[in-house]
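Since the structure comes first, as structure tokens, the remarks are kept for the end.
Values quoted throughout were computed directly from the atomic coordinates according to the rules given, and no laboratory measurement underlies them. These figures come from a predicted structure and were not determined experimentally. Quick reminder, even Gly has a Cβ in these numbers, built from the backbone with ideal geometry, and neighbours come from all protein chains shown.
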Amino acid sequence: DAGVTQSPTHLIKTRGQQVTLRCSPKSGHDTVSWYQQALGQGPQFIFQYYEEEERQRGNFPDRFSGHQFPNYSSELNVNALLLGDSALYLCASSFTGAFGNTIYFGEGSWLTVV
Amino acid sequence: KNEVEQSPQNLTAQEGEFITINCSYSVGISALHWLQQHPGGGIVSLFMLSSGKKKHGRLIATINIQEKHSSLHITASHPRDSAVYICAVRSTSGSRLTFGEGTQLTVNP
């Protein structure tokens, strides 16, 4: 049973470009959350998707958008990239049906904006 | 002030020592997670707590809901325990996680 898989693992973009990161949740999980982790800091919540809708959102600008597909996989899109968007982007999946379910994390996508 | 505070930020120990990492939070929570992050970036969930104490191998996690405090203990520490340990809480108002800044643990042989 594959856990959470993310792609790509590493990528380099130029300021102003757009990027799409992908996440496949653990089998049986229906909720996907995205987090941004700057170097030396704890992850920050970007948003969460459930039933193909954004259910919660953190304090990130509209340049950050996402999508969840019927198979529960998800994409994170960032437009007009800034140098400060350089970070590790983590995807986490869980099953909403039961209270307090364990969360599984992917290995992350390292984004460098130059 | 962050909603989740961890201490210490950095911790260096000798192999075999008993390790304690602390986490304090200021919001009402439905669950608290202890996570381990290795240099490659991937995060592994060690424990999820809503009350009491849990043990897995050499790892022990406790939580005091009244005091809004949790601790992660590592007994007989080993160099392979070297990693960043992160405390994260799930608030009562939703399922998002709020993370502490992490504790960088280095265990020397």
TODO: If a/c stays under 1.5 just call it rounded; otherwise compare a/b with b/c (prolate if a/b is bigger, oblate if not). Do that for region A:1-43, with a ≥ b ≥ c from the square roots of the Cα gyration tensor eigenvalues.
DONE: prolate
Task: Summed residue charge, Cβ within 14 Å of B:ALA31's Cβ, Lys/Arg positive, Asp/Glu negative - done: +4
Open item on the list: Starting from 0.36 nm per residue, how many nanometres of slack lie between B:HIS56 and B:GLU5 once their C-alpha separation is accounted for?
Closed with: 16.0 nm
- [ ] Starting from the Cα gyration tensor of the protein assembly as shown, take the square roots of the eigenvalues, sort them a ≥ b ≥ c, and report rounded, prolate or oblate (rounded when a/c is under 1.5, otherwise prolate if a/b is larger than b/c, else oblate).
- [x] prolate
Task: Residues B:GLU15 and A:ASN77, FRET efficiency given R0 of 35 Å [Cβ-Cβ distance, rounded to 0.05] - done: 0.20
Task: Net length gained if the chain between A:GLN18 and A:PHE95 were fully extended (0.36 nm per residue, minus Cα distance) - done: 24.7 nm
Open item on the list: Positive end of the dipole of region A:3-79, charges at C-beta (+1 Lys, Arg; -1 Asp, Glu), about the Cα centre: which of A:GLN68, A:THR31, A:PRO8 has its Cα farthest in that direction?
Closed with: A:PRO8
Task: Cut-off 12 Å between beta-carbons: net charge of the residues surrounding A:GLN56, Lys and Arg +1, Asp and Glu -1 - done: +2
Open item on the list: Could you list A:TRP110, A:TRP34 so that the one with the fewest beta carbons within 10 Å of its beta carbon is first and the one with the most is last?
Closed with: A:TRP110, A:TRP34
Open item on the list: Quick check: pseudo-label points 7 Å beyond the Cα along Cα→Cβ at A:THR102 and B:VAL44, how many nm apart are they?
Closed with: 1.1
Task: region B:1-102, relative contact order in percent, only Cα pairs under 8 angstrom and at least six apart counted - done: 36
TODO: With an 8 Å cut-off on Cα pairs and a minimum separation of 6 or more residues, tell me the relative contact order of chain A in percent.
DONE: 37
Open item on the list: What does the net charge come to around B:PHE47 if you take all other residues with beta carbon closer than 10 Å to its beta carbon, with K and R at +1 and D and E at -1?
Closed with: +3
Task: Cross-link reach list, lysines versus A:LYS26, counting only Cα pairs under 30 Å and skipping chain neighbours closer than eight places - done: A:LYS13, B:LYS53, B:LYS54, B:LYS55
Open item on the list: So if each residue of separation counts as 0.36 nm, and I subtract the Cα-Cα distance between A:LEU39 and A:ARG63, what length gain in nm does that give?
Closed with: 6.6 nm
Task: Pairwise label distance in nanometres, B:THR75 with B:VAL27, each label 7 Å out on the Cα-Cβ vector - done: 3.4
